[in-house]
Amino acid sequence: MRLLKQLVVVAVVAGVGSLLANAVQPNWFFTLLFGFATAVLALLAYRWVVRRTEHREPAELSWQGAGAPLGRGALIGAGMFVAVISVIAVFGGYRMTGWGSVPGALALLGFMAAAAVTEELLFRGILFRIIEPRLGTWTTLVLTSLVFGLAHLANPHATLLSVLAIGVEAGGMLAAGYAATRTLWLPIGLHFAWNFVEGGIFGAGVSGKSGTQGLVHAVTSGPTAISGGEFGPEASLVTVLVGLAITAVFMRLARKRGNVLPRRGRTAPADATATLAR
């Protein structure tokens, strides 16, 4: 029941914010404003509903010390996309064709902030966090990654392969980032930076949504396995491999810190119990 209540509260904020952002989308200033407003309201709504349903302070979204994991996540997300698009470009799958629009990039800044925050709260902050103690970390990671991928099935140009790709590379990586750090700030920063650098700077399609007005205009071409095709770089095999590599690093760190939970009914390692009790 608490899972449903939390999902409804955050989803309503996200839905209203999305409607407002789309309504004012031709105006970059209001898109930027409503995007960041949606992100802030979603964070406040999450903290409120967790207090109401779980009677605790949401340590996973603590304001204190949020800057460091948020910044680390942003650096990882930005660096990851630069590496991915560089490899795709080397193989002829990406090419810049001219300058884009600064106002367009600013509008995407707000839009991507809202998307990153609301999706991380829904998929990692609520689904992953609440299911994990019952099913264990690994099973929950696989399950929520699949759900995350399927959530993109209605996106333009989506296929079963692109949905599987985004579930594996992003759903798994972001869940692993949360498991390793036990803070939502790192996956929020990673998710936001990846999306903004992808669309707002390099002008690539974001999860099937092409025609973004970033700082540059660009085209993708060649084999879908390299470029990602019409869905964008998230459907590229390059992104899948890089995402899997980062997921492995995060999960190794999670295991080292004792943050990998067993399925309910199995005995947790002593270090895991001690770590999560702190």
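No other residue among Leu143, Leu135, Leu174 is under 14 Å from the mean Cα position of the chain (by Cα) and farther than 27 Å from Val219 by Cβ apart from Leu174. Cβ separations smaller than 6 Å between residues 6+ apart or across chains give the following pairs from segment 75-89 residues that are closer than 10 Å to Leu190 by Cα and β-branched (Val, Ile, Thr) to residues that are modelled with pLDDT of 95 or more and crowded, with 21+ Cβ neighbours inside 10 Å: Ile76/Leu190. For Ala225, the criteria (1) closer than 22 Å to Val142 by Cα; (2) free of Cβ contacts under 8 Å to residues at least 24 places away in the same chain hold in every case but one, which is (1).
Flag: Ile188 does not match the condition of being over 22 Å from Ala245 (Cβ atoms), surrounded by 21 or more Cβ atoms within 10 Å (Cβ to Cβ) and not acidic (Asp, Glu). Within segment 206-218, being closer than 19 Å to Ala158 by Cα and either modelled with pLDDT of 90 or more or surrounded by 18 or more Cβ atoms within 10 Å (Cβ to Cβ) (or both) holds for Val206, Ser207, Gly208, Thr212. Within the set Gly104, Gly71, Gly67, Gly98, the sole residue that is within 22 Å of Phe231 (Cβ to Cβ) and small (Gly, Ala, Ser) turns out to be Gly104.
The values are calculated or read from the model by the stated rules, or taken from the named source; none is laboratory data. Here the structure is a predicted model, which is why all the values come from computation and not from measurement. Quick reminder, even Gly has a Cβ in these numbers, built from the backbone with ideal geometry, and neighbours come from all protein chains shown.
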